[in-house]
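Before we start, here is the structure in question, set down as structure tokens.
The values are calculated or read from the model by the stated rules, or taken from the named source; none is laboratory data. Not measured: the values here are computed from a predicted model. Note: ideal-geometry Cβ built from the backbone for every residue, glycine included; neighbour counts use all protein chains shown.
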Amino acid sequence: MPRGATGEPRPSPPAYGADVAPTPETAAADEPAVATPARLPKPTAPAATALDADELDPDFPDIDAVALHDRTLSFPDARTLTLLRSTFIGGRVEVSDETTVDAQDVVLTDVDLTGRRIEGLVRVRFERCRLSGVDFGAARLTDVVFSDCTLELASARTTTFERVEIRGGTVEGLDLTGATLTDVTFDAVSLTGVSMDRVKLDRVDLRTADLSSVVDVSILRGATISEIQAIALAARLARAAGVTVARAAEPGTGD
């Protein structure tokens with residue numbers, strides 16, 4: 001199946017984390033990693049800088065080995081849109097509400113995917129992407145990085161996350177009901193409004209997340225938090241363990 005026009009090779013995107021100095025909030029050089037980091041997208045093949053949509057299957061378009069800038073991917077009749085070994089900067093994805101999107105070995109920067117249905121992601125990096133209202137329901141996300149993305153009101157009910165990093169951005173209203181998270185890092189994000197009912201956590205790093213809104217600390221089973229977070233959550237942790245915390249008696253008021 002033809003997948004795109006040929007063009008001049010473009011350099012591969014920089015490796016995740018290159019030339020980024022660690023900060024006191026995120027650096028933990030003296031501590032072992034809690035969650036296994038996401039694997040990087042594989043280097044792109046020689047990439048075409050143009051795309052002829054007329055050469056693609058309108059029902060199942062596969063976009064492979066391209067490097068596109070400010071391009072709207074419009075496939076109104078597509079059942080599944082597949083992105084492979086490519087780099088996208090700017091632009092948006094326009095498909096029907098029933099269309100599923102999957103991607104492998106892809107880097108997306110400043111791309112608008114608002115309201116799209118994501119079926120599967122493997123070795124994908126999102127940078128400053130708009131993912132509000134995205135439906136990940138029952139999808140599998142493996143080796144994925146969300147850097148400074150908007151994930152507000154996204155649905156990830158029963159989604160499987162493996163080696164996923166959510167760094168910065170907003171996740172308010174994210175629905176993780178029934179999801180399974182393994183080797184997942186939440187860095188510099190607030191969990192305010194995040195639904196975590198029946199979620200399963202294994203090696204989930206929350207040490208730099210804002211947990212101030214967490215009321216039911218039992219949902220954190222399987223996660224790692226910092227000492228400072230543990231102190232802040234001490235009363236809630238005690239209540240979850242069935243421990244009554246009484247105020248200390250003032251001097252001279254009793255035994």
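Among PHE88, PHE146, PHE75, which is the only one that is aromatic (Phe, Trp, Tyr) and within 28 Å of ALA33 (Cβ to Cβ)?
Among PHE88, PHE146, PHE75, only PHE146 is aromatic (Phe, Trp, Tyr) and within 28 Å of ALA33 (Cβ to Cβ).
Just name the residue that is surrounded by the most Cβ atoms within 10 Å (Cβ to Cβ) out of those in region 149-170 that are closer than 21 Å to VAL34 by Cβ, of a type outside the set (Ser, Thr, Tyr) and more than 9 Å from the chain's Cα centre (by Cα).
If we take residues in region 149-170 being closer than 21 Å to VAL34 by Cβ, of a type outside the set (Ser, Thr, Tyr) and more than 9 Å from the chain's Cα centre (by Cα), then ALA156 is surrounded by the most Cβ atoms within 10 Å (Cβ to Cβ).
Taking into account only those residues within region 40-64 that are surrounded by fewer than 13 Cβ atoms within 10 Å (Cβ to Cβ) and not in a loop (DSSP other than H, G, I, E, B), which is modelled with the highest pLDDT?
GLU55
Given the options THR159, THR185, THR180, name the one that is under 16 Å from GLY133 (Cα atoms) and modelled with pLDDT of 95 or more.
Sole residue among the options that is under 16 Å from GLY133 (Cα atoms) and modelled with pLDDT of 95 or more: THR159.
Turning to a different aspect of this structure: Out of VAL144, VAL106, I need the residue that is touching a residue at least 40 places away in the same chain (Cβ under 8 Å) and either within 11 Å of the chain's Cα centre (by Cα) or outside any strand (DSSP E or B) (or both). Which one?
VAL144
Right, something else. Would you please name the residue that is nearest to the chain's Cα centre (by Cα), looking only at residues in region 216-234 that are farther than 20 Å from THR180 by Cα and in a loop (DSSP other than H, G, I, E, B)?
Here the answer is SER226.
Cβ-Cβ under 6 Å, sequence separation 6+ or interchain: first residue in region 191-220 and under 18 Å from ARG157 (Cβ atoms), partner acidic (Asp, Glu) and in a loop (DSSP other than H, G, I, E, B). Which pairs?
Correct list of pairs: GLY193/GLU172.
Return a yes/no flag: does region 189-210 have any residue that is in a loop (DSSP other than H, G, I, E, B), farther than 21 Å from ALA33 by Cβ and touching an Asp or Glu at 6+ places or on another chain (Cβ under 7 Å).
Scanning region 189-210, I find at least one residue that is in a loop (DSSP other than H, G, I, E, B), farther than 21 Å from ALA33 by Cβ and touching an Asp or Glu at 6+ places or on another chain (Cβ under 7 Å), so the answer is yes.
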